[in-house]
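To start, the structure itself, in structure tokens.
The values are calculated or read from the model by the stated rules, or taken from the named source; none is laboratory data. Computed from a predicted model, the values in this text were never measured in an experiment. Neighbour counts run over all protein chains shown; Cβ positions are idealised from the backbone, glycine included.
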Amino acid sequence: MEEKNEVTAREAGGQHVHDYFGRTSVDRGHFHTFTGSTNVQTVVVGGHAHEYANVTRVAENHVHRMHGVSSVQMPVMMGHVHRLQGTTTVDDNHSHVYDVYTGLQRVPRNVRRGRFFGPFRLKAEGAEPPEEPRPRRKSRVRTPEADEKP
């Protein structure tokens, strides 16, 4: 199973991110929910970690900011996850605690992947194909003169 995730990470030049969501602790009679995506990984002792930053959803007419660095990767059945834990910023004279795990790794959205995956992909041992620029689409404007043929 790990091979599939390694292929996906290799196709993106080794870069990946994680999505996360959750809710904060209850303080002053309310909690906040949040969603976000981590930044691409940074190599650290023992593996890699991700930076994250987001703003909670509004509750009781205010929001909190969250930011930090995740734990190192923890292997799970289909890949790995990271733990995000900390305390939000102080807003409206209080803060909240959060402790969640990310989802599985995924390729960042702005990275172009190859067309073929799995065992059918032909690649020389250790050779990486050159990056090809995306073809640009040309828009055509039909004019009455172009429709007339002599």
Region 75-97: number of residues that are among the aliphatic types (A, V, I, L, M) and not in a loop (DSSP other than H, G, I, E, B)
4
Let me confirm something: among VAL72, VAL40, which residue is of a type in the set (Val, Ile, Thr), part of a loop (DSSP other than H, G, I, E, B) and at pLDDT 95 or above?
VAL72
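Being of a type outside the set (A, V, I, L, M, F, W, C) and farther than 14 Å from THR89 by Cβ narrows it down to one of GLY36, GLY68, so name that one. Working first, answer last.
Numbers: GLY68 fails: farther than 14 Å from THR89 by Cβ.
After ruling out the rest, the residue left standing is GLY36.
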Yes or no: region 103-114 includes at least one residue that is modelled with pLDDT of 95 or more, outside any loop (DSSP other than H, G, I, E, B) and under 22 Å from GLY22 (Cα atoms).
no
If I filter region 43-58 down to residues being modelled with pLDDT under 95 and over 18 Å from the mean Cα position of the chain (by Cα), which single residue comes out as nearest to ASN93 (Cα to Cα)?
VAL44
So which residues in region 50-108 are in contact (Cβ under 8 Å) with a residue 60 or more places away in the chain and aromatic (Phe, Trp, Tyr)?
TYR98, TYR101
Are any residues in region 20-37 in contact (Cβ under 8 Å) with a residue 40 or more places away in the chain and outside any loop (DSSP other than H, G, I, E, B), and if so, which ones?
TYR20, PHE21, GLY22, ARG23, ASP27, PHE34
Report, by residue number, each residue of region 23-72 that is under 15 Å from GLN85 (Cα atoms) and of a type in the set (Ser, Thr, Tyr).
THR24, SER25, THR33, THR35, SER37, THR38, TYR52, THR56, SER70, SER71
